[in-house]
Amino acid sequence: MSVEMVEMSVKAAEPLRPAGVLQQNRVFLDFFWDLAKPDQEVRLKAVENLIQYLKTENKADELDYTFKRLVDGLSHTRETARPGFSLALGQVLCAFKDVSLQSILNRIKEKHNLQAVKKKLARNAMFGNLFGVLALHQSGRLAEEPLVVLGCVTLLQSLTQHKQHLKDLPSKTMVDILTEIPEEVFEEVLLGALQTDLASAFNTPEQLQLLLVALQRFPQTLKPKKLKKLLGSSTIINADNIPKLIEVLKMAAHSVKKELTLPAVALDLLKLSLKEDSFQLFWDKAITEGMFTEPFGVTHYLSFRLLGSALPLLSLSQLKTVLSGEVMMHYGEHVLASQKPGRFRLAPEMDTYVLDFLQACQDSDKQLAVMVGFSSLTHLGLPVVSPVWKVVQHLQPAAVQSYVEWLKGMFLQPRMEELLDVSTRKQKGKQEGGEQKDSAVFHLRRWIVSRLASIIDNNQVKKQEDLIMDVARFVFFHAFFGTQKASSDIAETSSKPSIPLDEQTRGVLVSSFFGLLMSLHHMPPSDDGAAVNQRRVLGVTADGTMWIYRLVQYAQRLLNHPKHVRRVHPFSSEQRRAWDSMLESVENLRKKGTTAESGAFQQLFLLVGMHLFKAPDELLDIMKDLQNCVDKAQEKKTKKKKKKGETEEPEWVEVMVDILLSLLSQQNRLIRQVCKTVFSSICPHVTAAALTAILDVLDPDKEDEEDSAVVVTDDADKTPKRKLEEDEEMEDDSEAGSDEDSDGDEAVEEEVDQSFRLELMKVLQQQNTLATEEDASSDEDLDDDAMMKLDQSLSTLFSEQKKKIQAKKDEKTKLQKEKTLVRDFRMKVLDLVEVFVARQAGSPLIIGLVEPLLNMIDRGMSSGSEQQEQDFLRRAADIFRNQLCRSKVYCRTAADRQGELHDLLDKLMSKSLKLSDSSVCLYYFSASLYLVKVLRGAPPAETKEAPMADGAAANDPRFMGNVDVDRVSSLFRDALVSFMSRRKSPLTSQMFTDLFCRFPVLCVNLLDTAVQHITSGVREHQQGQACVLVLRAMQSRDVQQILSGAKWTKLCEQVTLQLAASLEQVSESKVAKEKLVRTLELCQFLVKHVHWKKLSVDLEPLRNVLQPLTNVVTFKKTGTLEDTYWAVMKHFGVMKPKTEKTKPDKDAEPQEEAPNKKKGFLPETKKRKKRNKPVLEPAGDKSSSTNKPGEETGQAKKKRNKKPKRKRAADGAAAPPSQSSPAKRSKTQTDSKADKKQKKKLKQKKGGGQ
């Protein structure tokens, strides 16, 4: 059919058609269909295949036909098809260079003539001409035929007037043509044709763009004399043309409002201004003064985008001028205004411009000028760019060094007059005051410190180690020291701050310094010559020295120069001794080697030493204890035996744990990580007392022990916030707690209101202003002195009341903050537990974690719903179940603790039966299984080998080690009976499934109980779960090995009898069917196993119960229940009956539909059925015909219902008027329905009359 269409189109175009076109093959024609498809990949493939086909066949008629089809497709109604045909035409012209471009241009003009085409097809014809010219341009042969170039430009000029359809595409195409033709062709052919457009360059952006491109491409043709003849001036950018250029730029800005891009004409004007040496005139007059006369909008955005695009084009002096001018001021105002929600933000685009400039520019001076320019744009002293601006990572090392020096200089001597402040006049007026100026300086210094810290923190920034150390020294020095006298040994003393540093600024410096320590702790070494597979050590310099150690050495140097440097808060003699002893301990550790343990202790010493500058009073005792611990640890390594007199002193590891707990109370991430590292190294030495100290911190029940009191501090206030212990009221349920708090607050308010009321009455009575019954009718007023005295008394009373209310609010906020700090501290302490479980999973002490962790989980399940509580509970549960209970490494030396472990197991099982929450019971049951695993220990064959996965023994499934099998079996049997006999039990079948799989001996002991409950379970659900447990047990190979022989046969007989008894009680309920499925699954395994093993088990009772089951339970065609049942019966030789599919009788339908040919009446299938209604009048012969549709099958009814409503049966015409009588209505039918039905009957009657 498509071939015929092609032939018809060819006939219309050419009466005399070559004969070969009539026999075009299908493959050739499919190329043109693919060119019109929306998928770009398909179109590109079609172009490639078409060219290859034409080159292979090399037939003139096919090539001519190709050009005709491609030219026709240029005006395709489908927008995605036009580029495909245009690209194909261009590529074909490029491949067949013997084809004249003029002939193709003539075809295009003839086919898409705008004068001859119909009005509704005019838009398609416009695009046909445009894409035709684009195809000729893409062929790359335009320069070879100058007349074709002229024809294309003339055609494009005629299309420029149709902007409503083509917009600026014709002008852009002309610009593209100019960029590829040689200057001779332009001068000889196009200059005359473009004379009008070039002369009217200031009318539209497109015409100005055309002129600018011509000037760039053909400077010898468009010389100043020629320009003066065209425009009246020898240059484009001059004072006379500035107003015209402003209007053109405004038009260009509005034309790209939706595209959010920079118009090309603006960038070309900027390049021309640089070429004509008139950049300053263009920037000051056209951009700065011209673009900002309109309200904030597209002209402003054009200026900002032009600023970003101009960065790579400007010289250093021009960059400094532009970045300190009015355009930058307006950009800063835009950044501030765009902070409000819903505003357009150009800052991401500017970041991209700066990023591209810094990547491409290799001049460090220009890079520095750009960074300084944007960093100088401030609002009330605070730069508008982010202190973590990531463009800094593309700076050259020299630029980074210079930028850091500029930041340090601006910090020490804030030159506010050099900054571009975008504050409003009102804000600037306020800023002239002393307080506002100090605030601006503080904002600037705070930003500079954050900027310096972010440079160090960003590992992508190209920086040397000297620069890193220089920034760290600078921040540390000004955070804790001041300059008294310049010293050549200390570079930071060379310049003093012009404005002294206040406490607020020093607080920012202190916080940033410890953030720098964190960054240095994770900083990779700068040495790139290390081996690829070698592990990289973080936090060290290229020579292996720790960064923090170098900073401690610098601090020691500062302390040794008291004449030149002074401490902001001087050390006391005791604090200085602690500092010196810390240095001595570190040096001793460095001499003994570079082990992991030694490195961890060095980090802890150095970190505590640096924190002495921040909080010396709090860490002084910790430093002393730390030194004693390290000394004792070193002595213990040299002396294996201790003297009897030393047993009373606490172990060094216990003191170390207390120190770590004290350090964890500090709000510092670096301390948290160092504490984890140190604790990991001392884990092998941890004692039961040390572990108990950690668990006491996590246990909120232990409130009266003084040893567990830890002060939690907040860096923001630097004051002790709260002891670790909390009252039980704060750990109760959130809802109950909130209710109690609200009730308490209301009670307090009532008391306060009552007391305030009494005080108020006293004040009024003292002034005799409170009316009584005796002087109620008195109208005397107070004099002025009494009134003033009363006002003063009332003012004092109300101010005191306001202070009391505010104090209570502050107390409540403080308590909430303390609670948050304590929760955060508990989360940190949980890190130590996680480390101990991971490193010491085989230690006997690990068993001591079971009960405390379970208590934490149990309490967490009933505690508040705050996010911190949920995170703590989630971590504790993960540590307990995934890292402790499921660990492949466990304690195997518990032979001397059998009684203790059995008692603990008994306690846990008893507790699990009393729980109400199944999720909590799961953790208790997992703990019980873990204890059984510990008691069993490793099998004899496994002791000398690597520990196996958490499962059964390798060789002998009967091996149970130190487990008291009878006692443990009794515990789990009681649990199983509880599960089967209680309606609401916290236990689940999955728990016992895990027990059966992991411990086959216990499974065998509990199997009889599970078999009994197949019929004696309290509910059908429990009976079904009993079947599941028996099935899992019988499927276990270890259980089959233990119960081999007569025992296994006896078990099969018991299960058979229980199943037969269970199948006799079957109902249609949903729960009963679920139980039936579980029972049938067990039957399937049992019957199959008995037949396979040829056991002497009588299955006849089971068969007799299963056969009549289809009469008791309704089976579907397919489903789990049905499939399982027939799978069981298959083992008895009974196959599922096959159902024959009956095909409906299609011959009867046309005969029944034959009478329904007359139009105008409702068919009988559409009429409402009236059943059990009294017949008042005989319906004659029509009754038989009306009853037929009711007798049809449901399938026939559905088919009739699908017929259109316009087809109506003729039988309805004979319906008597009595049918619409109210006497024939059903008694259950309402009057409104009867009225509607009556109206419907009347309409049918009228239709029949027509």
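Remark: VAL388 matches the filter, which requires a residue to be part of a loop (DSSP other than H, G, I, E, B) and modelled with pLDDT under 95. Here LYS172 meets the list (1) within 19 Å of ARG82 (Cα to Cα); (2) in contact (Cβ under 8 Å) with a residue 40 or more places away in the chain almost entirely, failing just condition (2). Among the residues making up the stretch 888-922, those that are closer than 21 Å to THR993 by Cβ and small (Gly, Ala, Ser) are SER912, SER918, SER919. Considering the stretch 651-674 alone, what residues qualify as being farther than 17 Å from ALA633 by Cα and part of a helix (DSSP H, G or I)? Once the filter is applied, which keeps residues that are farther than 17 Å from ALA633 by Cα and part of a helix (DSSP H, G or I), the stretch 651-674 yields LEU661, SER662, LEU663, LEU664, ARG669, LEU670, ILE671, ARG672, GLN673, VAL674.
Considering only helices (runs of 4 or more DSSP H) fully contained in the stretch 831-934, which possess at least 2 residues that are open to solvent by less than 10 Å² (accessible area, probe 1.4 Å)?
Working: elements: 850-861, 867-878, 898-914.
Here the list reads 850-861, 898-914.
Got a sec? Which of LEU377, LEU412 is over 19 Å from LEU323 (Cα atoms) and crowded, with 16+ Cβ neighbours inside 10 Å? Before the answer, list the steps.
Numbers: LEU377 fails: over 19 Å from LEU323 (Cα atoms).
LEU412 is the lone residue from the list that is over 19 Å from LEU323 (Cα atoms) and crowded, with 16+ Cβ neighbours inside 10 Å.
Candidates are the residues of the stretch 320-347 that are of a type in the set (A, V, I, L, M) and in a loop (DSSP other than H, G, I, E, B); the one that is farthest from the chain's Cα centre (by Cα) is LEU323.
Scan LYS229, LYS258, LYS271 and give me the residue that is out of contact with any His (no Cβ under 7 Å at 6 or more places or on another chain), open to solvent by 30 Å² or more (accessible area, probe 1.4 Å) and over 26 Å from THR352 (Cβ atoms). Walk me through how you get there before you give the answer.
Details: LYS258 fails: over 26 Å from THR352 (Cβ atoms); LYS271 fails: over 26 Å from THR352 (Cβ atoms).
Of LYS229, LYS258, LYS271, the one residue that is out of contact with any His (no Cβ under 7 Å at 6 or more places or on another chain), open to solvent by 30 Å² or more (accessible area, probe 1.4 Å) and over 26 Å from THR352 (Cβ atoms) is LYS229.
Among all residues of the stretch 996-1009, there is at least one that is within 48 Å of the chain's Cα centre (by Cα) and open to solvent by 10 Å² or more (accessible area, probe 1.4 Å).
Is it the case that LEU509 is in the same structural domain as SER386 (by the TED database) and over 20 Å from SER364 (Cβ atoms)?
Working: in the same structural domain as SER386 (by the TED database): no; over 20 Å from SER364 (Cβ atoms): yes.
No; evaluated as a whole, the condition is false for this residue.
Output the number of residues of the stretch 1054-1105 satisfying the condition of being polar (S, T, N, Q), open to solvent by less than 70 Å² (accessible area, probe 1.4 Å) and more than 17 Å from GLY1119 (Cα to Cα). Walk me through it before giving the result.
Quick first cut of the stretch 1054-1105, residues polar (S, T, N, Q) only: 1054, 1056, 1058, 1062, 1065, 1067, 1069, 1079, 1084, 1096, 1104.
Subsequent filtering for residues that are open to solvent by less than 70 Å² (accessible area, probe 1.4 Å) retains 1054, 1056, 1058, 1062, 1067, 1069, 1079, 1084.
Now drop any that are not more than 17 Å from GLY1119 (Cα to Cα), which leaves 1054, 1056, 1058, 1062, 1067.
Qualifying residue count for the region: 5.
Just one of (1) open to solvent by 30 Å² or more (accessible area, probe 1.4 Å); (2) assigned to a helix (DSSP H, G or I); (3) closer than 24 Å to LYS614 by Cα fails for PHE474. It is (1). Across the stretch 134-151, a minimum of one residue is classified as open to solvent by less than 40 Å² (accessible area, probe 1.4 Å) and touching a residue at least 60 places away in the same chain (Cβ under 8 Å). Taking first residues from the stretch 860-882 that are more than 18 Å from LYS819 (Cα to Cα) and partners that are in a helix (DSSP H, G or I) and open to solvent by 50 Å² or more (accessible area, probe 1.4 Å), the Cβ contacts under 7 Å between residues at least 6 apart in sequence or on separate chains come to ILE879/GLU834. Taking the stretch 390-411 as the range and being closer than 12 Å to ILE455 by Cα and without any contact (Cβ under 8 Å) to a residue 60 or more places away in the chain as the test, the residues that pass are VAL391, HIS394, TYR403, LEU407.
The values are calculated or read from the model by the stated rules, or taken from the named source; none is laboratory data. Source: prediction; values computed, not measured. Backbone-built Cβ (ideal geometry, glycine too); neighbour counts: all protein chains shown. These area figures cover heavy atoms from the full protein model, side chains too; ligands, DNA and RNA do not enter into them. Shrake-Rupley method; radii C 1.70, N 1.55, O 1.52, S 1.80 Å.
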